[in-house]
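Encoded as structure tokens, the structure appears first; notes follow it.
Nothing in this text is a laboratory measurement; each read-out follows from the coordinates by a stated rule. Please read these numbers as outputs of a predicted model, since none were measured by experiment. Every residue, glycine as well, gets a Cβ built from its backbone with ideal geometry; the counts of neighbours run over all protein chains shown.
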């Protein structure tokens with residue numbers, strides 16, 4: 001019970017201090033809208049192409065929403081030493097880091113619903129398998145958050161975390177089949193796509209929204225879960241190795 | 001003491017930590033009993049903070065053992081964290097939260113329920129004279145207020161053992177005095193305190209027992225009374241002179257063989273003796289050598305004298321560190 005009081009309050013503090021601030025809320029609204037608009041202009045298509053674009057926009061919104069904030073909630077707190085206060089709490093490191101990342105996961109998942117809500121007003125989404133979309137959104141939010149965490153704990157400065165995040169984020173937009181099928185990528189880049197967790201999350205979303213997944217959904221869920229475990233383990237190892245020296 | 005309770009709340013044995021091959025803490029051993037206020041003294045870079053970090057689970061020792069309240073803490077650094085409170089050398093609360101919210105948040109980390117943590121936060125804000133600033137953001141607090149709130153956060157969960165790292169470093173005289181008073185009150189109430197400082201006067205006023213640490217090694221551990229005993233038996237005086245020749249101390253030693261003379265800094269001579277020191281003959285001798293006595297005063301033996309004897313570090317070095325830290329006593 002005591003541990004869950006700590007867990008809940010760490011999450012609540014992060015939500016109040018970081019995620020629910022007006023600039024972040026507006027970022028969560030503007031960013032997906034900008035991406036959607038950009039792809040409409042680029043492709044020159046009409047509202048009928050929304051179902052094909054929606055999985056990519058959802059995935060990008062989650063990816064940027066989660067990874068952007070971890071540089072602040074983790075790297076910045078480490079830099080100004082307030083993270084030490086958490087490390088001194090009688091809380092297992094695993095639970096502490098889950099508490100620290102749960103805010104980002106919720107924020108990422110909430111970001112996903114911005115393009116979904118916009119799309120509901122613009123097109124017919126009656127064919128969408130929502131029971132698959134929701135777990136997919138959660139899994140993408142978890143994987144993206146843990147990717148951001150693994151970056152945040154392997155650097156010392158906030159700007160390093162942000163730069164390093166971009167090193168992963170921007171290629172993932174093009175490599176993970178969000179807006180272009182992986183089959184349209186040059187052959188030598190395709191293996192790289194399958195090494196990125198977002199590929200599997202986006203594939204689930206494509207399957208759920210317009211039925212065009214390239215891998216079995218069970219495989220997608222299994223692989224993205226494995227990525228979550230791997231990235232979280234790497235993060236914990238890095239905290240032990242680099243922060244508790 | 002309770003049946004089965006450990007005799008010592010902190011037991012450290014052969015603790016070692018190196019950074020890039022350089023020993024920061026080198027095979028130190030000590031014990032702190034229940035209710036004790038133990039001072040850990042040394043200049044900056046002596047290994048005080050590294051020791052606290054290892055004791056509290058923020059750093060991993062290379063070798064040695066740590067037992068807190070009988071719990072083994074090297075292999076399981078989390079084992080005793082519910083029993084300890086830590087006040088670091090720099091305030092590490094959340095700048096964007098108010099004083100009240102900071103305390104409530106820190107209390108929640110120890111699993112305190114909402115009602116409990118709010119009541120405790122109010123009580124501590126009152127104790128530390130921060131009631132008026134309770135709803136102001138921590139970022140806007142003065143240095144002294146930040147220090148007080150950091151101490152309040154460290155004791156919010158009523159820890160049995162409190163680690164204080166340089167608690168009065170860099171704050172104003174009034175705040176430092178109040179903090180020392182609060183530390184004494186906490187200790188009187190039964191909290192075991194491990195205090196690191198490079199303010200010798202502070203350690204002398206507060207601590208019952210002290211360890212001197214220099215370059216990662218403990219050079220002496222003893223009670224204040226036992227540390228002061230050898231120098232209490234001696235009389236000491238500081239004579240300020242002008243126009244003195246370089247060999248004045250040697251000539252004084254020849255003229256007064258029962259006294260020990262030491263040039264402590266430019267124009268100051270320290271005189272020590274087991275017998276009473278009569279100033280008249282000394283002044284007359286110094287003036288006969290062409291120098292002039294501008295001041296002579298009796299010195300009260302202090303921990304600083306012991307520290308100099310034990311460590312070989314001059315008081316000037318410690319004073320410079322005080323100035324560097326921006327502190328006053």
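Remark: B:60, B:297 ranked as B:297, B:60, counting other beta-carbon atoms within 10 Å and listing the fewest first. Working from label points 7 Å from Cα in the Cα-to-Cβ sense, the residue B:217 to residue B:185 distance is 4.2 nm. Taken as Cα centroids, region A:141-181 and region B:50-102 sit 32 Å apart, rounded to the nearest whole angstrom. Fewest-first ordering of B:86, A:158, A:133, B:22 by other beta carbons within 10 Å of each residue's beta carbon gives B:22, A:158, A:133, B:86.
Between residue B:274 and residue B:262, full extension at 0.36 nm per residue minus the direct alpha carbon distance yields a gain of 2.8 nm. Between residue B:18 and residue A:212, the simple label model (points 7 Å from Cα in the Cβ direction) yields a spacing of 6.1 nm.
Would you mind giving the mean number of other chain beta-carbons within 10 Å of the Cβ of each residue in B:106-117, as a whole number?
Mean number of neighbouring Cβ atoms from other chains: 5.
Based on the Cβ-Cβ distance of residue A:95 and residue A:170, what FRET efficiency does E = 1/(1 + (r/R0)^6) give at R0 = 41 Å, to the nearest 0.05? Intermediate results must be reported in sequence, preceding the final value.
Numbers: r = 33 Å, r/R0 = 0.79.
The value I calculate is 0.80.
The mean sequence separation of alpha-carbon pairs under 8 Å and at least six residues apart, normalised by the residue count of region B:235-300, gives a relative contact order of 51 percent. Given their separation in residues at 0.36 nm each and the Cα-Cα distance between them, residue A:41 and residue A:241 gain 67.3 nm when the chain is fully extended.
Between region A:70-116 and region B:164-179, what's the alpha-carbon centroid distance in Å? Taking the Cα centre of each part, region A:70-116 and region B:164-179 sit 32 Å apart.
Spin-label model, residue A:25/residue B:233: points 7 Å from Cα along the beta carbon direction are separated by 7.5 nm.
Take each residue of peptide A:88-100, count the partner chain Cβ atoms within 10 Å of its Cβ, and average: the result is 4. For chain B, calculate the relative contact order in percent as a whole number, restricting contacts to Cα pairs under 8 Å that are 6 or more residues apart. Averaging sequence separation for qualifying contacts and normalising by length gives 20 percent for chain B.
Length gained on full extension, residue B:62 to residue B:116, computed as 0.36 nm times the residue gap minus the Cα-Cα distance: 15.5 nm.
Sort B:237, A:38 so the one with the fewest other Cβ atoms within 10 Å of its own Cβ comes first. Walk me through the numbers on the way to the answer.
Numbers: B:237 18, A:38 13.
Least crowded to most crowded, the residues run A:38, B:237.
Shape class of chain A from the alpha-carbon gyration tensor: prolate, with a/c at 1.5 or above and a/b greater than b/c.
Please state the relative contact order of region A:42-188 as a whole percent: Cα pairs under 8 Å, 6+ residues apart? Intermediate results must be reported in sequence, preceding the final value.
Numbers: 135 pairs, mean separation 61.3, N = 147.
Computed value for region A:42-188: 42 percent relative contact order.
For peptide B:76-88, the mean count of partner chain Cβ atoms within 10 Å of a residue's Cβ comes to 3.
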